[in-house]
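Here the structure is laid out as structure tokens; the discussion comes afterwards.
The values are calculated or read from the model by the stated rules, or taken from the named source; none is laboratory data. Every value quoted in this text rests on a predicted model; they were computed, and no experiment measured them. When we count neighbours, we look across all protein chains shown, and the Cβ atoms used for this are built from the backbone with ideal geometry, even at glycine.
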Amino acid sequence: MAPEVFDAMQPFLTEFYGNPSSMHTFGGQIHRKIEEARSSVAKLLGADPEEIIFTSCGSESDNTAIMSAVESAPGKRHIITTRVEHPAVRNFCKHLGRKGYRITFLPVNHQGQLNIDDFVKALDEDTALVTIMYANNEVGNIFPIEEIGEILRERRILFHTDAVQVMGKIPVNLDKLPVDMLSLSGHKLHAPKGIGSLYVRKGTRFHPYLIGGHQERGRRAGTENVASIIGLGKACELAIKNLDKEIKYLSMLRDKLEVKLLELCPDSRINGDVSRRLPNTTNLSFEYVEGEAILLRLNEFGICASSGSACSSGSLEPSHVLRAMGIPFTAIHGSIRFSLSRYNTEEEIEKVIEIVPGIIKELRLLSPFGRDNLGQKIACP
Ligand SMILES: Cc1ncc(COP(=O)(O)O)c(C=O)c1O
């Protein structure tokens, strides 16, 4: 969390703990603060404050958008998405698939990019919604959201995009972007975990997912998570202020990390579309080693990364994203993702560059598929 965010939130956990729905001044003053935060989120998106709904997280925003779209078009039973979505979209679509909806999971190419002709061919009279992520959380690829949105607008088909990875990393202007609904999540832009937002364009038919009280103008029931909403507003203000500077800084750090690691570790590669991706994410594969083993060794040095093979997140399935991209088995298993933020330093990057090659070498010596750093096979089962 950004320290400025924490400072902004603190009074709302102590002094100003009234309920914004109350009639008295104690609650009313909080209501005003929530509206200020809503304006800050809207400003970051190039949206109108009325188009912003606060939710509990990115997953809730995604589920709400998809459910709202299918409820708004009861006669339509087809949803289009991609094979590389976050589980918040992918598993919700699979869930609807089990309930009788027809789901098209669009394939991606080796770089993780979509083929627009495939996408257009998948559209039909029965399509209620297209939900395609703005940028991928594992490899950082950015999808052509504007092009997709224009095609859908012409055909009057609802378009939702999961922009959880994007906010504060690249500019987004919904005033120009043909998107009907967009999800974001606080903890990706230095707000707390457990706060999110859903943008719903004015005029879009909307059905609430959480039904109950009249909060969020009847669009999302539940007493507001006031402090986190204030935190999200502050985080959006910071993102607006820092965006240009951060894009340059993060790409510089990422490029330095990639260039050096590829140079120092043979049989390594970047996964994703290097011509169109977020500045802060890099997904690297080191052949013949296990991503989890790399993570555990990195952890001993205080370096936190995540693995593409998802074992660390409780599943033995290798990454669905890298599989959809057709990355070879040995490279999928040795993939790790580094994601950077404004709080990472050049010294930290240098430390990673110093440590990773030794770890890869050491693990390859243990691997039955291993090669030494000259590419010679070192062991065979
Ligand atoms: C692309 C994407 N969508 C959705 C989510 C889910 O967000 P949350 O954890 O706030 O529910 C994430 C979280 O990492 C994500 O990266």
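Quick check on the stretch 55-67. Is at least one of its residues of a type in the set (A, V, I, L, M, F, W, C) and over 20 Å from L152 (Cα atoms)? Checked the stretch 55-67: at least one residue is of a type in the set (A, V, I, L, M, F, W, C) and over 20 Å from L152 (Cα atoms).
Among the residues of the stretch 37-69, those that are surrounded by 15 or more Cβ atoms within 10 Å (Cβ to Cβ), away from the ligand (no atom under 16 Å from the Cβ) and either among the charged types (D, E, K, R) or at pLDDT below 95 (or both) comprise R38, K43, D48, E51.
Exactly one residue out of A227, A235, A191 is within 16 Å of the ligand (Cβ to nearest atom), assigned to a helix (DSSP H, G or I) and either modelled with pLDDT of 95 or more or surrounded by 18 or more Cβ atoms within 10 Å (Cβ to Cβ) (or both): that is A235. Can you tell which of N280, N271, N299 is within 18 Å of S339 (Cβ to Cβ), surrounded by fewer than 22 Cβ atoms within 10 Å (Cβ to Cβ) and of a type outside the set (A, V, I, L, M, F, W, C)? When all the criteria are applied, what remains is N299.
Yes/no matrix, rows are residues, columns are (1) touching a strand residue (DSSP E or B) at 6+ places or on another chain (Cβ under 7 Å); (2) of a type outside the set (S, T, N, Q); (3) closer than 30 Å to E85 by Cα:
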| position | (1), (2), (3) |
| --- | --- |
| D7 | no, yes, no |
| S22 | no, no, no |
| I53 | yes, yes, yes |
| S59 | no, no, yes |
| A65 | yes, yes, yes |
| E71 | no, yes, yes |
| P74 | no, yes, yes |
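When every residue of the stretch 340-353 is checked against the conditions, none turns out to be modelled with pLDDT under 95 and of a type in the set (S, T, Y).
Of all the criteria given as (1) surrounded by fewer than 16 Cβ atoms within 10 Å (Cβ to Cβ); (2) farther than 19 Å from N109 by Cβ; (3) in contact (Cβ under 8 Å) with a residue 40 or more places away in the chain, the one not satisfied by V289 is (1). Quick check, is I79 touching a Cys at 6+ places or on another chain (Cβ under 9 Å) and more than 30 Å from A227 (Cβ to Cβ)? The answer is yes for I79. You will find that of K248, K176, the residue that is touching a residue at least 40 places away in the same chain (Cβ under 8 Å), more than 28 Å from F92 (Cα to Cα), basic (K, R) and surrounded by fewer than 20 Cβ atoms within 10 Å (Cβ to Cβ) is K176 and no other. Scanning the stretch 80-103 for residues that are away from the ligand (no atom under 16 Å from the Cβ) and in contact with a Ser or Thr (Cβ under 7 Å, 6 or more places away or on another chain) yields I80, I103. A residue that is away from the ligand (no atom under 16 Å from the Cβ) and over 24 Å from K248 (Cα atoms) occurs somewhere in the stretch 171-178. Remark: pairs (first residue in the stretch 213-224, outside any loop (DSSP other than H, G, I, E, B); second residue surrounded by fewer than 19 Cβ atoms within 10 Å (Cβ to Cβ); Cβ separation under 7 Å; 6+ apart in sequence or on different chains) = G218/P208.
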